[in-house]
Number of protein chains: 2
Amino acid sequence: MAERTLSRALFADFYELTMAQAYWQHDRRGTATFSLFFRSYSPDRAYAVFAGLESALAYVEELRFTSDDVDYLRSLDMFDADFLSFLSGLRFTGDIRAMTEGDLAFADEPVIEVTGPIIEAQIVETAVMNAISTETLLATKASRVVHAAAGRAVVDFAARRTHGEEAADKLARVSYLAGCAGTSNVLAAARHGIPPVGTMAHSFISSFPAEIDAFRAYADSFPDATTLLVDTYDTLAGTRHAIEVAKELRAKGHALRALRLDSGDLLALSVECRRLLDEAGLQEVELFATGGLDEFEIDALVRSGAPIDGFGVGTKLGVSADAPWMDWAYKLVEHAGAPVLKLSPGKETLAGPKQVYRVGAAEYEHDVIALADEPPFEDARPLLREVMRGGKRVEAAPSLASLRERFAAEFARLPERHKALRAPERYTVEHSLELDALQWRLTQWVAQHELGGSAS
Amino acid sequence: MAERTLSRALFADFYELTMAQAYWQHDRRGTATFSLFFRSYSPDRAYAVFAGLESALAYVEELRFTSDDVDYLRSLDMFDADFLSFLSGLRFTGDIRAMTEGDLAFADEPVIEVTGPIIEAQIVETAVMNAISTETLLATKASRVVHAAAGRAVVDFAARRTHGEEAADKLARVSYLAGCAGTSNVLAAARHGIPPVGTMAHSFISSFPAEIDAFRAYADSFPDATTLLVDTYDTLAGTRHAIEVAKELRAKGHALRALRLDSGDLLALSVECRRLLDEAGLQEVELFATGGLDEFEIDALVRSGAPIDGFGVGTKLGVSADAPWMDWAYKLVEHAGAPVLKLSPGKETLAGPKQVYRVGAAEYEHDVIALADEPPFEDARPLLREVMRGGKRVEAAPSLASLRERFAAEFARLPERHKALRAPERYTVEHSLELDALQWRLTQWVAQHELGGSAS
């Protein structure tokens, strides 16, 4: 049997396709705008780092159903033959406005708005949400870890722990964007131009007759790029072995780079290891800490003055352990020229295509959510830019290096009180008068008419 | 510039490759066995559902570095030219023993053991761990949700919320294995032969002038497969509209399948909706509930007698929200014929290749972790089976349907007290006398010799 070629076009919730048929069969072809935003903050968060735009745009631009995709749908005996022909020819022909990757985003602010024939703008929902929710989640977590490290290097060590290889790739990219110094994930490093970073595993040590033999072998292979893992048997004994090897390296004109501490009391051990290294005249050898770290532990170590120069962060970064999801919504806000709102309890949405303005120069002061067609606000920066027109990207993707630099500058402008690791203060997001007036008019309208109407 | 062909062989932590070079340059070519196990239970869990084997075996079997992979590594200026030639020809030539997907696994039990030349068995670490940690995590969560539903249907609705499309694919597969009835993810449904399931979005309703128009359009398109979402404006008013449409369908010889409740007090609303449906003589119309559900909420609804026939579960299933990671370790347990152990505080490992025996017929009674080369235990079932020999799978992958059936039978054999959603009782896992004797001998040996020795 020949292998089927199923495409990512099928990466959609089933209802995207059934709704598409119902739209198609009932001549619902009007232009729609969908707005993607998060409704509430995850614990201990008062901002999010927007990411995932490149992945979302790639999906949208490449969207086309293969004949095997269509054959599969036909096999379900639910779809109309004419609709399936239509689906075969479907491309995304609409426009997309979005924040820039690395922008700080706040609750209720649209980070992306998709405008196009309703079938097209609806059908990309699942993939667009997945890309942006995943990458924003991970970028936000990474920004917290980097912030906690207060200038010390943070490296992504999560490749074995993320929810899949794709998540590992996305994490490596967005954590570098958010300030990490490198990644252990070689494939992601190669793909995105990120420095690959690594040390050694306990198994390497255990495979040699004695710890120092393992240290010597590794130092011999990488005389200028060796970080020795010292806790396989006993951290301080391991440190003494490492000091011996560091001296041997120095005698040959090389230098040991660092020791890695991976267990035990990292504060006490780092102080003692630093003392042993300094006594041996090995001031240049750095200390690198790993082992179940997150922003809270790193913050505690940094505040305690632990002499640690860098952190390798795995699991808790890789799955955003304290907050593994965000509450995103992709909502229809305009259809066939009329604003649309949803009133489900606790899930009310703001009608109409929007713009987000950021006020404040050296420091962010507040944001304003406005209608997209309001006159631009003075002294405020609009955050949503056109990134796709007629199904084509309007410009090449910015380089990861440039996004990283831009993020660092932007993040510095958000006042510290909104970046606290615990119970940060909310950042003010206002509504424009016109936006609020529209919501009020629509709510009144729904109250006065049969439930389930729109303002058209 | 021609596109590079980077392969999944590079999906490895950087240290796998640097250690490989150090092994290679120092003639460490002995056969090694690595054991993968989880060290501790996540909150409220006393078992895990082993999954990810197929993904891991596919990676191992296909492992080969492309010339672009090797060119990238060469560009880093850290690798020896002869080592890179060696890497170009590297294949996994070893053996793998593993549990069967869907087996219940307990802390410290090896779920997979990889035996081969140390470079080969080490280099697959990252990918094998990622596959098994991701899929076991998600399968375990799914088993809890299905168990809570106590026979009512559970459907995977998490495609937009998982950490990437790959995670969505894996979730759909393993949640079906663990008893889910279907998935909303069309691509995963097509790939794995899972029933695709969907309802409709609020945006579909909002795009029509009135709710009932949307209901009629959808019912017209899918007269025998319609689930109506009734909470866009007001759940009870929506239910009345749905009842109208259900009667129209019936008059045409069709039947409305279900109503979907997505917000508000699901217990109260389901009781009221059921009453309205029954009063209208629509006993056959089911109630399907969604909206931030997890095993705890489903359990509460089921215990309260909510007349809900099925649940769509998204975010909290898709990221295993209450426990988004597990504490896995891939440890060297034997090298060059000698058992190996690691003593890092809190991370001690059991030396030697192992077998896991399950005791108990109708009900699981306890497990025993033994050395692989002990004589088989009577009246106990060995769980690790050879799945790869000399780099090749020993048999075709079992079908997902057969794994699903097998899981249901096995899960039923684990006593309820170990499956409680909160504070379940630990299942007993014993060590064989020979296993404990070996650990004791090795610990004594390390204590008597210079720290950092092995028993060879």
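The values are calculated or read from the model by the stated rules, or taken from the named source; none is laboratory data. In this text the structure is predicted, and so the values were computed from the model without any measurement. Here the Cβ positions follow ideal geometry from the backbone for every residue, glycine too, while neighbour counts run over all protein chains shown.
Before moving on, here are some points about what is shown:
- Pairs, first more than 7 Å from every other protein chain (Cβ to nearest Cβ) and on the phi < 0 side of the Ramachandran plot in the stretch A:12-29, second of a type in the set (Asp, Glu) and part of a helix (DSSP H, G or I), C-beta under 7 Å, six or more apart: A:16/A:125
- Picking from residues in the stretch B:306-349 that are within 19 Å of residue A:208 (Cβ to Cβ) and at the interface with chain A (Cβ under 7 Å from one of its Cβ atoms), the one that is surrounded by the most Cβ atoms within 10 Å (Cβ to Cβ) is B:332.
- Screening the stretch A:258-283 for residues that are of a type in the set (D, E, K, R) and buried (at least 21 other Cβ atoms within 10 Å of the Cβ) and picking the one that is farthest from residue B:348 (Cα to Cα) gives A:274.
- Options B:129, B:200; residue that is part of a helix (DSSP H, G or I) and either closer than 27 Å to residue A:188 by Cα or within 11 Å of chain A (Cβ to nearest Cβ) (or both): B:129
- Of the residues examined, residue A:91 is one that is assigned to a loop (DSSP other than H, G, I, E, B), within 25 Å of residue A:337 (Cβ to Cβ) and more than 14 Å from the chain's Cα centre (by Cα).
- The set of residues in the stretch A:252-292 being over 23 Å from residue A:219 (Cα atoms) and touching a residue at least 40 places away in the same chain (Cβ under 8 Å) consists of A:266 alone.
- Within the stretch B:420-452, considering residues that are modelled with pLDDT under 75 and either over 23 Å from residue B:32 (Cβ atoms) or surrounded by fewer than 17 Cβ atoms within 10 Å (Cβ to Cβ) (or both), the one farthest from the other protein chains (Cβ to nearest Cβ): B:449
- Unmet requirement for residue A:192, which otherwise passes all of (1) more than 7 Å from chain B (Cβ to nearest Cβ); (2) within 28 Å of residue B:334 (Cβ to Cβ): (2)
- Residue ID - farthest from residue B:34 (Cα to Cα), chosen from residues in the stretch B:372-413 that are surrounded by 15 or more Cβ atoms within 10 Å (Cβ to Cβ), touching an Asp or Glu at 6+ places or on another chain (Cβ under 8 Å) and of a type in the set (A, V, I, L, M): B:403
- Elements of type helices (runs of 4 or more DSSP H) in the stretch B:14-82, at least 3 residues being within 26 Å of residue B:393 (Cα to Cα): B:14-25, B:53-62
- The one condition in (1) at pLDDT below 95; (2) more than 14 Å from chain A (Cβ to nearest Cβ); (3) in contact with a strand residue (DSSP E or B) (Cβ under 9 Å, 6 or more places away or on another chain) that residue B:359 fails to fulfil: (1)
- Candidate set: the stretch A:230-247, residues that are in contact (Cβ under 8 Å) with a residue 12 or more places away in the chain and more than 17 Å from residue A:279 (Cβ to Cβ); chosen: the one farthest from the chain's Cα centre (by Cα): A:233
- In the stretch A:77-122, the qualifying residues are those that are farther than 22 Å from residue B:160 by Cα and aromatic (Phe, Trp, Tyr), and the one that is surrounded by the fewest Cβ atoms within 10 Å (Cβ to Cβ) is A:86.
- Residue A:352 more than 8 Å from chain B (Cβ to nearest Cβ), in contact (Cβ under 8 Å) with a residue 24 or more places away in the chain and of a type in the set (Gly, Ala, Ser): yes
Per-residue answers, yes or no, for (1) within 30 Å of residue A:369 (Cβ to Cβ); (2) crowded, with 24+ Cβ neighbours inside 10 Å; (3) under 16 Å from the mean Cα position of the chain (by Cα):
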{"residue": "A:42", "(1), (2), (3)": "yes, no, yes"}
{"residue": "A:61", "(1), (2), (3)": "yes, no, no"}
{"residue": "A:72", "(1), (2), (3)": "no, no, no"}
{"residue": "A:75", "(1), (2), (3)": "no, no, no"}
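- Residue within the stretch B:328-340 that is in contact with a helix residue (DSSP H, G or I) (Cβ under 6 Å, 6 or more places away or on another chain) and closer than 29 Å to residue B:163 by Cα present: yes
- Evaluation of residue B:289 against (1) under 22 Å from the mean Cα position of the chain (by Cα); (2) within 14 Å of chain A (Cβ to nearest Cβ); (3) buried (at least 20 other Cβ atoms within 10 Å of the Cβ) (one fails), failing number: (1)
- Members of the stretch A:155-188 found to be surrounded by fewer than 24 Cβ atoms within 10 Å (Cβ to Cβ) and either more than 13 Å from the chain's Cα centre (by Cα) or more than 7 Å from chain B (Cβ to nearest Cβ) (or both), listed by number: A:169, A:179, A:181, A:182
- Single condition residue A:302 does not satisfy, out of (1) free of Cβ contacts under 8 Å to residues at least 12 places away in the same chain; (2) out of contact with any strand residue (DSSP E or B) (no Cβ under 7 Å at 6 or more places or on another chain): (1)
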